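Since the structure comes first, as structure tokens, the remarks are kept for the end.
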Amino acid sequence: MGRLVLDKLASKLGFRYESTGFLSYSKAINALKKGEIDLFLAAYYRPQDLGAGTSIVYPGYFKNVFTVYFKKGREIPVSSLSDLEGLRGLVRKEEQLYPLIYQRLPRGVNLKQVSTAKRAFEMLMNKEADYLIGSPYSEEAELRRYKLHEEIIHGPQVLLDSNLFFVFTTNSDCRELGEKFSQELQNDEFSAPKMELLVKDLIDNWGERFRESPSLLEEEQNKQDTSKESN
């Protein structure tokens, strides 16, 4: 999602870029602070994470919400994070949610970070976890990929929300792009309704890409059958 926005801005503003990946949120933040990278793409942030040496492009170009997912039949009413006390919870590392919220989790709400939607869904289905907190945009796409949209459901209550920003380091000349980014992000092209439609198109395209793939439940059954045959 953020990459598409950056591609549009690059085309309009006439610059080229190269991307790099990091295994964790903290490594990306540290690289930004040190000037090892110029721009942190599609970032959630806490001011104390960034500190001196960085600047934020306003306004946030998209609001991402987070809600709670359950295996169907095991859902409970949830209106706030406190309702999850004592349960086994998950967040996906790649959604970068945990670094944003861990300091304000209510006592008794413990979240385990796991990598990949597949692993999170497996844990829900196998009752290794009670719930998953995630973005409906991301989770809906992955639930359609693994054909679990009728097996794993989410409640209507938004528990958290955060804007996405482009974050520049002041250790780089690229910080001068910040003002131009801000101006472009206020154009109608990046309005909330248009961004919402873009996300829905991305989800549809992602689900269609895996239309012929087996469901996660079928994959698990095939593994069990293969294991029995080998024994």
What pairs come out if I take residues in segment 80-96 that are of a type in the set (Lys, Arg) and pair them with residues that are surrounded by 17 or more Cβ atoms within 10 Å (Cβ to Cβ) and assigned to a helix (DSSP H, G or I) whose C-beta lies under 7 Å away, six or more apart or interchain?
ARG92/ALA117; ARG92/ALA120
Out of (1) within 30 Å of ILE37 (Cα to Cα); (2) surrounded by 13 or more Cβ atoms within 10 Å (Cβ to Cβ); (3) without any contact (Cβ under 8 Å) to a residue 24 or more places away in the chain, what's the single condition that is false for ARG104?
(2)
Out of LYS118, LYS147, I need the residue that is crowded, with 17+ Cβ neighbours inside 10 Å, more than 30 Å from PRO47 (Cα to Cα) and modelled with pLDDT of 95 or more. Which one?
LYS147
Segment 174-197, residues that are without any contact (Cβ under 8 Å) to a residue 24 or more places away in the chain and either assigned by TED's automatic domain parsing to the domain that holds GLU95 or in a helix (DSSP H, G or I) (or both)
GLU176, GLU179, GLN183, ASP188, PRO193, LYS194, GLU196, LEU197
Any residue in segment 171-179 that is modelled with pLDDT under 90 and under 21 Å from GLU75 (Cβ atoms)?
no
Among (1) among the basic types (Lys, Arg); (2) over 21 Å from ASP161 (Cβ atoms); (3) surrounded by fewer than 18 Cβ atoms within 10 Å (Cβ to Cβ), LYS93 falls short only on (2)
Filtering segment 170-186 for residues that are touching a helix residue (DSSP H, G or I) at 6+ places or on another chain (Cβ under 9 Å) and within 13 Å of VAL5 (Cα to Cα) leaves a count of 3
Scan of segment 16-26 for residues that are surrounded by 12 or more Cβ atoms within 10 Å (Cβ to Cβ) and within 16 Å of ASP173 (Cβ to Cβ), ordered by number:
TYR17
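If we keep just the residues of segment 54-74 that are over 18 Å from the mean Cα position of the chain (by Cα) and in contact (Cβ under 8 Å) with a residue 60 or more places away in the chain, which is farthest from TYR44 (Cα to Cα)?
Looking only at segment 54-74, we keep the residues that are over 18 Å from the mean Cα position of the chain (by Cα), and these are 54-59, 71-74.
Then keep just the ones that are in contact (Cβ under 8 Å) with a residue 60 or more places away in the chain; that gives 54-59, 71-72.
On the way: THR54: 14, SER55: 13, ILE56: 11, VAL57: 12, TYR58: 12, PRO59: 13, LYS71: 28, LYS72: 30 Å.
Residue satisfying both the conditions and the ranking: LYS72.
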Considering residues of segment 82-98 that are part of a helix (DSSP H, G or I), under 15 Å from HIS154 (Cβ atoms) and under 22 Å from the mean Cα position of the chain (by Cα) only, the residue modelled with the highest pLDDT
LEU84
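The rows are residues; the columns are (1) at pLDDT below 90; (2) surrounded by 13 or more Cβ atoms within 10 Å (Cβ to Cβ); (3) outside the structural domain of GLU95 (by TED's automatic domain parsing); (4) not small (Gly, Ala, Ser).
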{"residue": "LEU6", "(1), (2), (3), (4)": "no, yes, yes, yes"}
{"residue": "ALA28", "(1), (2), (3), (4)": "yes, yes, yes, no"}
{"residue": "TYR44", "(1), (2), (3), (4)": "yes, yes, yes, yes"}
{"residue": "PRO47", "(1), (2), (3), (4)": "yes, no, yes, yes"}
{"residue": "VAL68", "(1), (2), (3), (4)": "no, yes, no, yes"}
{"residue": "LYS71", "(1), (2), (3), (4)": "no, yes, no, yes"}
Need the failing condition index for VAL167 against (1) surrounded by 14 or more Cβ atoms within 10 Å (Cβ to Cβ); (2) not assigned by TED's automatic domain parsing to the domain that holds ALA31, just the number.
(2)
Can you tell me which of LYS127, LYS147, LYS112 is in a strand (DSSP E or B), charged (D, E, K, R), out of contact with any Cys (no Cβ under 8 Å at 6 or more places or on another chain) and in contact (Cβ under 8 Å) with a residue 24 or more places away in the chain?
LYS112
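The values are calculated or read from the model by the stated rules, or taken from the named source; none is laboratory data. Since the structure is predicted, the reported quantities are computational estimates derived from the model, not experimental observations. Here the Cβ is made from the backbone with ideal geometry for all residues, glycine too, and neighbour counts use every protein chain on show.
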